[in-house]
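J.: Take a look at the following structure, please.
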Amino acid sequence: MRILILSINYWPEVTGIGAFTTYRAEHLAAAGHEVEVCTTFPYYPAWKVPAEYSGKFALTEERNGVRIVRSWAYIPNPVTSMKRILHEASFIVGLTLRALLRKRPDVILVVSPPLGLATPAIVLSRLWGAPYVYDVEDLQPDSAADLGMLPRWAVRILYKVESAAYRHARLVTTLTPSMRQRIIDKGFAEDKVELLEPRVDESLIGLLPEEGDTFRGKYNLENKFLVTHSGNIGVKQGLDVIVDAAALGRADESTLFLCVGNGADCERIKRRAAELNLDNMRFLPLLDEEDFRGLMAASGICLVTQQHSVSEIAFPSKIVTYLAAGRPVIVSVNPGCEVAQLIRDSGAGKVVAAENPAALLDAIYTLRHEDLTRAGENGREYACARWSSARVLGGLEQNLAAAAGTALRPLVWKGFKP
C-alpha cells in the first residue's frame, strides 16, 4: 500500500503523538508499505523548534524507510488559546500545500489533534478518490468544553468540524474503549469506530538496576526515593497537585518529587515550586533514550495526574511506558475514568481523586511500604498482554488495508459540503 500520514507531531519528538506516529509509520514501512508523513518541524513539548530546523520553510527527510515531508508552522511561546488556533491553522495551510504535491496514496491516515486536519483530509480524499482513516488521540472539542479553554461559539465550531471529520472518514480509530464509546454516542455506527491502542515499548522490559545507579550519579540524586512524573507538563495534566503534595511532605528528606519534561504549563509549575521553596522537588528537561531508561530504573513510584474534568477525552500514553518499565503507578484522576480502572484491573498501584494533594501524598507513603516489586510486575504483565506490538501494530495494518480495499471514485470537482 501507498500510505500518506498527516500528523502535526513526528520524530524527533519523543512524547505523545509524535512518538505514536513515528513507531506506527516505521512499522508500516518495515512491513513493505510505501509511507510518507506530512508534518511540521519538531517543537513539542517545549514549543520551540530546535536550532537545526529553525528558519526553514520546507524540508524533506528520510528515516527508517519513511519519507518525512515538513512544512512551516507558527510556533507560539508562550502558548495561549488564540495563539494555538493560529499555530494549528498555519500548520494546516502549509501541510495542505505540501500534500497536494504528493502521489495519490491508497489510503490516508489522519492523526488528530489538531481537529482541523479534517479539512485537508476531506479535500485530499475527494480529489484523489482515496479513503482516509481518522485517528483520534484526543477528543479535542470535549477537552476545550470541559476545561473552558475556548468561548462557546468556538467550541460549537469544533463540534461541527468533528462531526464532518467522522462522517467523511472510511474508518475512525481511537485509543481506549471509553473514547470509542464516546464517539459512538455522538451518533456514529459501532462498526465505523475501531480501537487503535498504544503499543508497549518492549525495550523497557528488563531494565537493570545499574542503569538506575548511573542515572542517580549523573544527576546527584543520591539515595532519594524518587516519585516521578515524566512527559508533557500541560494544563490537562494538572501538576499543581504534585507541587502541593511536595509542600505537604517537605519534612520527609528521604523522598524527592522529580518532574521530567516540558510543556505549556512548565514554567508556571516551576515558579510555584520555587515560591514554596520546595527542596524536595526537582525538574529535569526531556531526556535522551539512555537517560530515560535510567530514570525509569531509578524511579520508586511514577505518577499520572489529570485535572478532575479530564476523564474520557484523552489517554495519557505515559501510563503504558510506566507499566512496561515495571514501575508502580499512582494515578491522581477522576476515580470513574478508564485510567483509574486500568490501575485497579492491573494491580499496578493506587488510585486517588484528582486535585487532592493530601490523598496523593498518603497513597505514596502507603504504596512505598507495600510490595513495590509485585506492583511493578503486575503492571508489566498487564501491559505486555494488552498492548503487545504484534497485536497493536498488526491491527493498524489490517484497519488501513480494509479501508484501502474499497477506494472512492475520484472527484469530478463541483465543490462539496463538509
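The values are calculated or read from the model by the stated rules, or taken from the named source; none is laboratory data. These numbers were taken from a predicted model, which means no experiment stands behind them. Positions of Cβ are generated from backbone atoms using ideal geometry, with glycine treated the same way; all protein chains shown enter the neighbour counts.
J.: Tell me which residues, restricted to the range 191-238, are more than 25 Å from the chain's Cα centre (by Cα), on the phi < 0 side of the Ramachandran plot and assigned to a loop (DSSP other than H, G, I, E, B).
T.: Across the range 191-238, the qualifying residues are 208, 219, 221, 223, 224.
J.: With respect to the numbered conditions (1) in contact with a helix residue (DSSP H, G or I) (Cβ under 6 Å, 6 or more places away or on another chain); (2) part of a helix (DSSP H, G or I), which one is the sole condition not fulfilled by residue 183?
T.: Unmet for residue 183, out of (1) in contact with a helix residue (DSSP H, G or I) (Cβ under 6 Å, 6 or more places away or on another chain); (2) part of a helix (DSSP H, G or I): (1).
J.: Then there's this: Touching a Ser or Thr at 6+ places or on another chain (Cβ under 8 Å) and surrounded by fewer than 20 Cβ atoms within 10 Å (Cβ to Cβ): which single residue out of 57, 20 fits that description?
T.: Residue meeting the stated conditions: 57.
J.: Something else about it: When you go through (1) without any contact (Cβ under 8 Å) to a residue 12 or more places away in the chain; (2) in contact with a Phe, Trp or Tyr (Cβ under 6 Å, 6 or more places away or on another chain); (3) not hydroxyl-bearing (Ser, Thr, Tyr) one by one for residue 329, which number turns out not to apply?
T.: All conditions pass for residue 329, except number (1).
J.: How many residues are aromatic (Phe, Trp, Tyr), under 17 Å from residue 110 (Cα atoms) and surrounded by fewer than 23 Cβ atoms within 10 Å (Cβ to Cβ) if we restrict to the range 124-179?
T.: 2
J.: Another one. Condition test on residue 178, is it touching a strand residue (DSSP E or B) at 6+ places or on another chain (Cβ under 9 Å) and outside the structural domain of residue 235 (by TED's automatic domain parsing)?
T.: Spelling it out, it is not the case that residue 178 is touching a strand residue (DSSP E or B) at 6+ places or on another chain (Cβ under 9 Å) and outside the structural domain of residue 235 (by TED's automatic domain parsing).
J.: Just checking, which of 339, 351 is assigned to a helix (DSSP H, G or I), free of Cβ contacts under 8 Å to residues at least 40 places away in the same chain, assigned by TED's automatic domain parsing to the domain that holds residue 257 and not polar (S, T, N, Q)?
T.: Going through 339, 351 in turn, just one is assigned to a helix (DSSP H, G or I), free of Cβ contacts under 8 Å to residues at least 40 places away in the same chain, assigned by TED's automatic domain parsing to the domain that holds residue 257 and not polar (S, T, N, Q): 339.
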